[in-house]
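Each remark here refers to the structure printed beneath this line.
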Amino acid sequence: MAGAEFRLDALALVGPTASGKTAAALAIAQRWPVEIISMDSALVYRGMDIGTAKPSADELAQVPHHLIDIRDPTQAYNAAEFARDAHALMAEIRSRGRLPLVVGGTLLYLKALRDGLDDLPKANLSLRAEIDAQAAREGWPALHAELARVDPVTAQRLPPNDAQRISRALEVWRSSGKPLSQWFAQADAQRAAPGLLNMPVLSLEPRDRAWLHARIGQRFDTMLAAGLVDEVRALRQQPQLHAELPSMRCVGYRQAWELLERAEQQGAPFDSLIPKLHELGCAATRQLAKRQLTWLRGMDDRVVVACDAADALPQTVRLAQGLIAGGL
């Protein structure tokens, strides 16, 4: 159906990590003329392929992909930038008679795309350094407790050791005097009239959490076999990279970096730490998936596919077809 006139601005395909979004996106691309806009805060980084489960060269060749490999790991990329880039890409893709398919699990990016977050305070590196230094002295649970006092809504949805998000929430509070949850509520209140962005959301969610946990474990095994440790070892050789960069805080990379550092300090062979890396990496990925599912369940307008059903893939294509056809 190349050249079809779509009334949809885009279709969003979301879900927790390891829910099968890549396979579902490629299946949709076989049925409709789409171009994929990656909505993943880790896939933007060059040289980070294994631990991000970046689509393979063959998968990338099957359908045009955007917003993959657009930053070096030393560079930042945020939700407001994603919203700006994605809006521009959507217009370009639609001008080619194709449908933008927004695929990923970075749900703050989805919120920015739908609601706008342009007014969120920009990163304050000096404040971030102060917060990191305080965490080194007191521990992240202590900072989580501080966040609970000033922004209980945000603290409630974050585990006590979620360093990256606790740091950002405290940074926003200290720089603006307004809790992060209040910034989000303000964005909700200022949302444009419903339907301004015509982008249905198709969400892959498991009925059985154990199914997703098994998938996470299998995928981490695959990453380790593919050379995740060597990938992180090579990144650590770059003098400009350090453990507190957003890129190196990505799940899997953070745990591998810390264990490689421990092995160097102790003069121990890293192979002995592989079981620990598997344990920590899987635990962090399960926590990520839990946060993603919590966020998704707050979106009443999403269309849900049981990604652990035997017919999940054809079901996804069938529902996507209905959403797309309804918007033609």
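The values are calculated or read from the model by the stated rules, or taken from the named source; none is laboratory data. Quantities reported herein were computed from a predicted structural model and do not represent experimental measurements. Methodologically, a virtual Cβ is constructed for each residue, glycine included, from the backbone with ideal geometry; neighbour enumeration extends over all protein chains shown.
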Qualifying position, being assigned by TED's automatic domain parsing to the domain that holds ALA76 and modelled with pLDDT of 90 or more, among LEU147, LEU110: LEU110
Matching entry among ARG219, ARG207 (being part of a loop (DSSP other than H, G, I, E, B) and modelled with pLDDT of 95 or more): ARG207
Answer from LEU197, LEU241, LEU202 - the residue that is closer than 18 Å to LEU108 by Cα and either in contact with a Pro (Cβ under 7 Å, 6 or more places away or on another chain) or not in a loop (DSSP other than H, G, I, E, B) (or both): LEU202
Pairs with Cβ under 7 Å, 6+ apart, first in the range 215-235 and under 20 Å from ALA263 (Cβ atoms), second part of a helix (DSSP H, G or I) and aromatic (Phe, Trp, Tyr): VAL229/PHE270; VAL232/TYR253; VAL232/TRP257
Any hit, the range 88-95, residues being more than 26 Å from GLU5 (Cα to Cα) and at pLDDT 95 or above: no
Options VAL304, VAL251; residue that is in contact with an Asp or Glu (Cβ under 7 Å, 6 or more places away or on another chain) and either of a type in the set (Lys, Arg) or under 17 Å from GLY104 (Cα atoms) (or both): VAL304
Filter result for ALA18 (within 29 Å of ARG165 (Cα to Cα) and modelled with pLDDT under 95): no
Identity of the residue in the range 117-163, more than 18 Å from ARG291 (Cα to Cα) and polar (S, T, N, Q), that ends up surrounded by the fewest Cβ atoms within 10 Å (Cβ to Cβ): SER126
Selection count where residues are assigned to a loop (DSSP other than H, G, I, E, B) and surrounded by 15 or more Cβ atoms within 10 Å (Cβ to Cβ), scope the range 288-308: 4
Residue within the range 52-64 that is closer than 28 Å to LEU180 by Cα, hydroxyl-bearing (Ser, Thr, Tyr) and at pLDDT 95 or above present: yes
Selection within the range 210-251 - surrounded by fewer than 15 Cβ atoms within 10 Å (Cβ to Cβ) and closer than 30 Å to ASP300 by Cβ: ALA210, ALA214
Candidates ARG297, ARG302, filtered to the one that is within 23 Å of the chain's Cα centre (by Cα), at pLDDT 95 or above, on the phi < 0 side of the Ramachandran plot and among the basic types (Lys, Arg): ARG302
All helices (runs of 4 or more DSSP H) inside the range 1-100 with 2 or more residues being surrounded by fewer than 22 Cβ atoms within 10 Å (Cβ to Cβ), out of contact with any Phe, Trp or Tyr (no Cβ under 7 Å at 6 or more places or on another chain) and free of Cβ contacts under 8 Å to residues at least 12 places away in the same chain: 57-62, 79-95
Listing of helices (runs of 4 or more DSSP H) fully contained in the range 111-179 that carry 1 or more residues being within 23 Å of the chain's Cα centre (by Cα) and closer than 30 Å to PRO200 by Cα: 152-156, 163-176
Qualifying positions in the range 309-328 - within 19 Å of ARG215 (Cα to Cα), part of a helix (DSSP H, G or I) and free of Cβ contacts under 8 Å to residues at least 60 places away in the same chain: none
One residue from GLU264, GLU279 being surrounded by fewer than 16 Cβ atoms within 10 Å (Cβ to Cβ), closer than 21 Å to PRO73 by Cβ and outside the structural domain of ALA24 (by TED's automatic domain parsing): GLU264
